[in-house]
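Scroll down for the structure; my scribbles are underneath it.
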Amino acid sequence: MASTSGENPNESETPEALEQKGFQSRPETHNGAERDLYSWTQTIGDIDVRVKIPQTIKKGKEVKVTLAKQHVKIDLIEPTGARTIINSDLPWPIRAEESTWSLVPGEHIHISMEKAMERWWENFLVDEKKINLKHILPEKSMEDLNQEEQMKIHQMMYDQRQKAMGLPTSEEQKYQDIMKQAWDAEGSPFKGQPFDPSLMEEKRKAFRKQTTGVKAERRKKKKQDEENPESKKATTLEEAKRRNPKAFSIQNPIKAQQEFRRNQDIKEKRIHLPEVDRTPLEPPPVVVALVGPAKVGKSLLMKCLIKNFTRQRLTDIRGPVTVVSGRKRRITFIECRNDINSMIDVAKIADLVLLLIDAKFGFEMETFEFLNIAQIYGLPRIMGVLTHMDLYKKMNKQLNKRKTQLKHRFWTEIYHGAKLFLMSGMKNNEYIQRDVQNLARFISVMKFKPSTWKTSHPFVVADRMEDLTEPELIRTDPLCNRTVCLYGYVRGCPIKSDTPIHIPGCGDYKLTNISALPDPCALPADRSGKTKQARRVLNEKERLLYAPFSGVGGIVYDKDAVYIELGGSHSHRPANNNEKTRPINEYVANILSTKQTIEEKVASSHLKLFADSEPVTAEEEQVPERRKVRFETEDEDVPEEDDDEDQEEDDEDQGEEEDEGEEEEEENDDEESEHEEFGSSWKENISKKFAISYVPNKAINWTKLVYEKGGEDASVEDMNSNDNNGEVGGLFRVSRRKKINVNDQEDYTLNNQSEKRNWDLDDVCELIRDCFVTGKWEKDKDAAKLLAEDDEMNDDDEDLFGDFEDLETGEKSEEKDNEEMEFDDDDDDEGDEDGGGKDDEEAKLRSKKAKLKSTFDAEYDQSKDPDSKYLDELKKEVEIQTKLNRSEFENMPDDVRVLYEGYRPGMYVRCELTQLPCEFVNNFDPRYITILGGMPVTESHTGYIQVRLKKHRWHKKILKSKDPLIVSLGWRRFQTIPYYFIQDHNMRHRLLKYTPQHMYCHAIFYGPITPQNTGFIAVQQTAGRTDFRVTATGVVIDLDKSTKIVKKLKLIGTPYKIFKKTAFIKGMFNSSLEVAKFQGASIRTVSGIRGQIKKISKEHPGAFRATFEDKILLSDIVFLRAWLPLQIPKFYTPVTNLLMSPEQKDQWQGLRQLGQLKRDMNIRNEPSVDSLYKPIERKERVFRPLQIPTQLQRDLPFHLKPKPTEATTVRDPIEEKQRVAVILEPQEKKIADIMKMFTTVYKDRLKTKQKNQEGRNAQYQKQQKVQELKRLQKHKQLKKVVYKKLGQMESKKSKNNSRHKKTDNTDE
């Protein structure tokens, strides 16, 4: 918004202006400011303040806010005492009694104050820094304007909306009302004729398009290209190839081969195996499920959609709600609860899922959990709905960025281009009508392809429940089993009376009785004979709503009773007095107020034909008296007339007016009052109208009267009366050129009964052929042609709502008119003259449709491909089979047809079940879906199921064998104990203690027999909420097969005797019987020496003799690898959450895991002694000395031969053993002891001598070293002196020699 007048542009760049600009961008400081303790925003009449508080303030009693006329005080009551954070005066007075405050725990105190006078504040407190009012946006909301200004704005908006729809504005409507009054005024030539405002419009000559020139040539070429797009592509491609042939040649054969394969893959993916169409003529209602986390707006959106389709409001929605959305479609809305059991059930039955997402919060875990569940059972059509978008109202950039993020994440999970609708805001506690209408339009025209599971399994979604148990039996035994009747539409495939039934969350049962009932929410009657508008629009009587659990259903017809819904949510009076009450109240009120029998009512009733006539009572009718009706213009008797046609035409006109009101999407209160006025206006001056209209035995040409041309005579009369066409009073123009007398008119309701016509003659039929269609035709159209075109049109529900706009992308989907063709005015005139223009146009239209169909077939069906012959043959076979199936039961009564094929989908049935637990009735909650799932006989048995399973990557913990798991397989949800295994290369099924981290494994468990390739989902628990509840997903691969799962067993033993390659082992087995079982098994030592078990040894229990490929040691450990077969436990427990109380339905607890049991019972897991880590003690081994044979010693070199020493001399053990022990006498022993003592003393002296000698030797060596050093030093000094003398001598000799050489030179 532009700044206020008088503001300098340079002021917008000041720091004050920039600061205020930042305040303006946030909602909490808009037109206000942010301070240290608080932030405030204002309008012209209100001011909102957010005071910051510590996070410890959680309750309202910890805050004290005092608001006076011009003073505010806020105290915080803390454990240490009261603390005042604000205590100041206000700059202007407020209305304290109208001001309120609220606490947001741990965040702020929100104070809303109403100003005493309308003005803009510069500050909130007097001691606060003021803001510049030039930089704020002084704007008013609609609510702040007075009533006159609001009415003017609403009138402008209404006129703009009317112009956009091509309807008259308010001023034009006033003008038309004045024209209507003048139309029937006295003296008007149009009196008695239907009002036609088009006669008053000034007719202008149509614009003639240019037929020559550049633009005309372009237009013709564009038209040709649209008619034949293939020729355009072919010509452009040929021109490109001729212009640049190298660009279309194969550059890389490998890439060309890859591209060819990819094209073939895409081509094959388009081909679907044709299936026999088994959909009934009246299909069951489409199941639309609203799924999302808590507090996201599911209930509100469901109420808005129901109100959009039925014009009724439901205050409390409980269970399924069925509505009629179109001529050929009904919708059942189901709200999915936020527990895992409801999500699983909804994913199995939903045709369309509305996935609600909180745009402010983002995606939640429940959203991704449901997507994973839905993928298992055949992903239904999914549309996203973003709510809470109004929180981004003043942040456009952030809103667009958030929308883009959510859209791309949603596309990643579903598919690229998935629909995402936006609920942009709320009005009067409801979503905006346009947003709801766009969503409803898309739901109404969407097509669905049921999954294979639904087409092969019948099921009934119960929308009504009755307990048929005898009251006396319940009184005597409150816990007795009950007999219950469940009602609903059959879906999937036909259901028979002997079909086994499973109720998810309850158990398996058998149908005691099943019967068909009248459809409580039937499709509207066929209107093929009506106009196009009447064929595609529903009137108020056809907008049915059926929700027995919510208390809406009107009169319900049962097999042996009639029920009238009484009480419930529908009995509450609406807050708006103008809103109409539901018809159910009228039924109940009439029945309760009945005080007389039917005979008494008939006897006391009377009939009054005219206002001034005497009433006719029932007694008078017993003696009928024929009275003659005489009009002013005649004295003859008036015969009785048939008013059926008149009534039909009045009904048709009234229906058309109602349909137009529905298309405008406005409330029908005003329209109904107009209809009532119109319905009573025909009674005024009825005698005069009868006198004017009735002329007996007068044949009138209706074509002449209605269309002004009844043949050649009419055309001649028109030519002669051309001059009489003029204006009356300058206001009206006479449309008919021939005046018709009053006596020439005849009412078609007062035909002469005596005069009969032969309607088999063409001449007689031609008189009224065009009278069955009203309206003003254009030049190139007539009634026969338009009727033929209407018959060719499809009556799909797409026509029900027309175009819709995608609020996300802004694109507007519009139906392309295939009949839009351009013709010159000259051609039209010539065609009208010779009558050939119509035939040419029809021929062009047929050719254009044929070309479009051929293009479609060439692109998708590949009818021109020679390789598609096999597919075409399959399609023909399927079509023949479909026609045969329909023709077989086409003319057969329903009661006989049911005996052959069962109760087909779309029929409303009553299913009676016996022996149901009393908890099912006592704890029945319609908010939890009740499904009667039909099963083949083979699926009613239990056995071992082999599946392929993969742990979900978002689940934190890995899965352990023998831990209980809740599996949803088929209709059932049950708990079982799985064993995980993997298949080795030798086809052995080896047990896995834990599931692999990022790969598939196999599992086997005991459960219900289910067909192969059936998907399943597994969760560890349904009670409580963990991070991600989906534990694993998989598919069934084998049924009831005795799969042998083996576990690796490692037995350890130790040798106690070794004889070369034979050893005796103990400690591996406990008895001889165990040894006998493993006789012949292969064993191995830790060092890798292989062996085999031979025979039993009796020295130790469980000991045996074994042979090895080499000699083993006593320190070796021998182990045996064996495979132990396991017995899979037969544990199968259905999940029975529907039998629990409403508070415990989400807390179903089955068999707990071992770790969970130990945690709950506080049992510590004692470790095994063998599993504990101990310090390793290894004794050092002493090996025998190496003995080299004598022969080898001779051949060895000397330095490698062993040297004989005392230590190495080995005494002969045999000689040592053969020595005789000598026993000494006491005297000899004393002498020997004395000699030993002397020897010891002598040896000790020798040792001391040796030590002393060693010391002397060391000292002598030291002295010798010192002397040697001294001698070397003396020797060095002598060398220096000698070398010095020698040097001196050599220098003298060299000098003497040099002197002699000089003297010799001088002498010469």
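The values are calculated or read from the model by the stated rules, or taken from the named source; none is laboratory data. Since the model is a prediction, treat every value here as computed from it, not as a measurement. A quick note on method: Cβ atoms are made from the backbone with ideal geometry, for glycine too, and the neighbour counts reach across all protein chains shown. Surface areas here come from the heavy atoms of the whole protein model, side chains and all, with no ligands, DNA or RNA. Shrake-Rupley method; radii C 1.70, N 1.55, O 1.52, S 1.80 Å.
Side notes on the structure shown:
- Residue list for the stretch 864-873, filter: modelled with pLDDT under 75 and within 17 Å of Glu275 (Cα to Cα): Ser868
- Given (1) open to solvent by 70 Å² or more (accessible area, probe 1.4 Å); (2) part of a loop (DSSP other than H, G, I, E, B), number of the condition Gly1088 does not satisfy: (1)
- Of the set (1) part of a helix (DSSP H, G or I); (2) modelled with pLDDT of 75 or more; (3) over 30 Å from Lys849 (Cα atoms); (4) not polar (S, T, N, Q), all apply to Arg218 but (3).
- In this structure, Val1118 does satisfy being touching a Lys or Arg at 6+ places or on another chain (Cβ under 9 Å), closer than 29 Å to Tyr994 by Cα and at pLDDT 90 or above.
- Strands (runs of 3 or more DSSP E) wholly inside the stretch 71-171 containing at least 3 residues that are of a type in the set (Phe, Trp, Tyr): none
- Filtered by the rule that a residue be surrounded by 13 or more Cβ atoms within 10 Å (Cβ to Cβ) and among the acidic types (Asp, Glu), the stretch 67-88 gives a lone residue, Asp75.
- Filter pass, Lys1158 being among the basic types (Lys, Arg), surrounded by 10 or more Cβ atoms within 10 Å (Cβ to Cβ), touching a Lys or Arg at 6+ places or on another chain (Cβ under 9 Å) and closer than 30 Å to Ser961 by Cβ: yes
- Residues within the stretch 1214-1236 that are open to solvent by 80 Å² or more (accessible area, probe 1.4 Å) and at pLDDT below 80, tallied: 8
- Scanning the stretch 935-948 for residues that are surrounded by fewer than 24 Cβ atoms within 10 Å (Cβ to Cβ) and either closer than 21 Å to Ala462 by Cβ or under 31 Å from the mean Cα position of the chain (by Cα) (or both) yields Met935, Pro936, Glu939, Ser940, Gln946, Arg948.
- Of all residues making up the stretch 21-50, the number that are among the charged types (D, E, K, R), more than 41 Å from the chain's Cα centre (by Cα) and either open to solvent by less than 20 Å² (accessible area, probe 1.4 Å) or under 15 Å from Ser99 (Cα atoms) (or both): 1
- The stretch 135-151: number of residues that are modelled with pLDDT under 80 and surrounded by 12 or more Cβ atoms within 10 Å (Cβ to Cβ): 7
- Only listed residue being open to solvent by 50 Å² or more (accessible area, probe 1.4 Å), over 15 Å from the mean Cα position of the chain (by Cα) and within 20 Å of Thr387 (Cβ to Cβ), chosen from Asn438, Asn428: Asn428
- Any hit, the stretch 1118-1127, residues being surrounded by 13 or more Cβ atoms within 10 Å (Cβ to Cβ) and closer than 24 Å to Val967 by Cβ: yes
- Those residues of the stretch 1030-1047 which are touching a Ser or Thr at 6+ places or on another chain (Cβ under 8 Å) and either at pLDDT 90 or above or closer than 20 Å to Asp345 by Cβ (or both), in sequence order: Ala1032, Val1035, Val1036
- Candidate set: the stretch 67-85, residues that are of a type in the set (Val, Ile, Thr) and modelled with pLDDT of 90 or more; chosen: the one farthest from Asp36 (Cα to Cα): Val72
Condition check ((1) touching a residue at least 60 places away in the same chain (Cβ under 8 Å); (2) touching an Asp or Glu at 6+ places or on another chain (Cβ under 8 Å)) across all residues:
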position	(1), (2)
Glu939	yes, no
Ile945	yes, yes
Ile966	yes, no
Gln975	yes, no
Asp984	no, no
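- Some residue of the stretch 54-61 being hydrophobic (A, V, I, L, M, F, W, C) and exposed (fewer than 15 other Cβ atoms within 10 Å of the Cβ): no
- Residue that is most open to solvent (accessible area, probe 1.4 Å), among those in the stretch 97-124 that are in contact (Cβ under 8 Å) with a residue 24 or more places away in the chain and touching a His at 6+ places or on another chain (Cβ under 9 Å): Trp101
- Ile1163 meets all of the listed conditions (1) modelled with pLDDT of 85 or more; (2) more than 30 Å from Ile977 (Cα to Cα); (3) in a loop (DSSP other than H, G, I, E, B); (4) open to solvent by less than 100 Å² (accessible area, probe 1.4 Å) but one, namely (2).
- Qualifying residue in the stretch 1074-1082 (condition: at pLDDT below 95 and assigned to a strand (DSSP E or B)): yes
- Qualifying positions in the stretch 36-53 - of a type outside the set (A, V, I, L, M) and either closer than 18 Å to Trp120 by Cα or in contact with a helix residue (DSSP H, G or I) (Cβ under 9 Å, 6 or more places away or on another chain) (or both): Ser39, Trp40, Thr41, Gln42, Thr43, Gly45, Asp46, Asp48, Arg50
- All positions within the stretch 1009-1066 that are open to solvent by less than 10 Å² (accessible area, probe 1.4 Å), within 26 Å of Ser456 (Cα to Cα) and assigned to a loop (DSSP other than H, G, I, E, B): Thr1010
Here's the yes/no breakdown for (1) touching a residue at least 24 places away in the same chain (Cβ under 8 Å); (2) over 26 Å from Lys449 (Cβ atoms):
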{"site": "Pro245", "(1), (2)": "no, yes"}
{"site": "Asp265", "(1), (2)": "no, no"}
{"site": "Lys269", "(1), (2)": "no, no"}
{"site": "Asp277", "(1), (2)": "yes, no"}
{"site": "Thr310", "(1), (2)": "yes, yes"}
{"site": "Pro320", "(1), (2)": "yes, no"}
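- Taking every residue in the stretch 874-899 that is within 23 Å of Leu273 (Cβ to Cβ) and pairing it with any residue that is open to solvent by less than 100 Å² (accessible area, probe 1.4 Å), at least 6 positions away or on another chain, the pairs with Cβ-Cβ distances below 7 Å are Leu874/Pro274; Lys875/Pro274; Val878/Pro274; Val878/Val276; Gln881/Val276; Thr882/Val276; Thr882/Asp277; Asn885/Val276.
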